[in-house]
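Nothing in this text is a laboratory measurement; each read-out follows from the coordinates by a stated rule. Computed from a prediction, not measured in an experiment: that's the story for all the values here. Every residue, glycine as well, gets a Cβ built from its backbone with ideal geometry; the counts of neighbours run over all protein chains shown.
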Amino acid sequence: MTNISVYLTIMTSVLFFGYSLFLSTNGYRTICKKAVKFRELLRIEVGASENIRKTNALLTSFFSLAYLALLYLSGFVFWFIALVLLKLAATLYFSDKFQRTVVEDKEISKRFYLFMKTDSILNAVFGLCTPLLIVL
């Protein structure tokens, strides 16, 4: 366990916590309004919808793998890393499903909104627990 990886893990976990907490505070109407604005942007750029989904998947995967690598270098046990991997895979799935819903001009169901909100809250919990586990 190196000091640099521990410090980076703490910093990224706090950022992950803050961002996830921010996402969990968005209301249903706010999400729907953002989806409408996103659709308008996609209509301006023809063919951009598939590229945006690919870019989102690549960036989310890259940052997730980098975070998992930091957890490994910080000395976390494998079962915790596997748990975080499953959680981040679920987040990637929900993010892609949200973008497909927006791109295909479908309405965002309240049930799916609740899944996304729960996912954000769980991400915030992981983001808060990780630095606490390091410190304690």
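Of all aspartates and glutamates in the structure, the ones whose alpha carbon falls short of 20 Å from that of Lys106, not counting any fewer than 8 places away in one chain, are Glu40, Glu45, Glu50, Asp96.
For the chain, the longest principal axis of the Cα atoms and the long axis of helix 78-103 meet at an angle of about 10 degrees.
Stretched out straight at 0.36 nm per residue, the stretch from Leu59 to Lys110 would grow longer than its current Cα-Cα span by 15.7 nm.
In this structure, the residue pairs whose Cα-Cα separation is over 19 Å, taken from Lys87/Lys110; Lys97/Lys117; Lys34/Lys87; Lys33/Lys87; Lys34/Lys110, are Lys87/Lys110; Lys34/Lys87; Lys33/Lys87.
Here is the list for region 1-62: GluC sites (Glu not before Pro) lying in DSSP coil, each with at most 13 other C-beta atoms within 10 angstrom of its C-beta, are Glu45.
Computed packing ranks the peptides 70-77, 91-98 as 70-77, 91-98, most packed first, by mean other Cβ atoms within 10 Å.
For region 1-69, what class follows from the C-alpha gyration tensor (a ≥ b ≥ c being the square roots of its eigenvalues): rounded when a/c is under 1.5, otherwise prolate if a/b is larger than b/c, else oblate?
oblate
The alpha carbons of the chain occupy a box of 48, 27, 22 Å along the principal axes, longest dimension given first.
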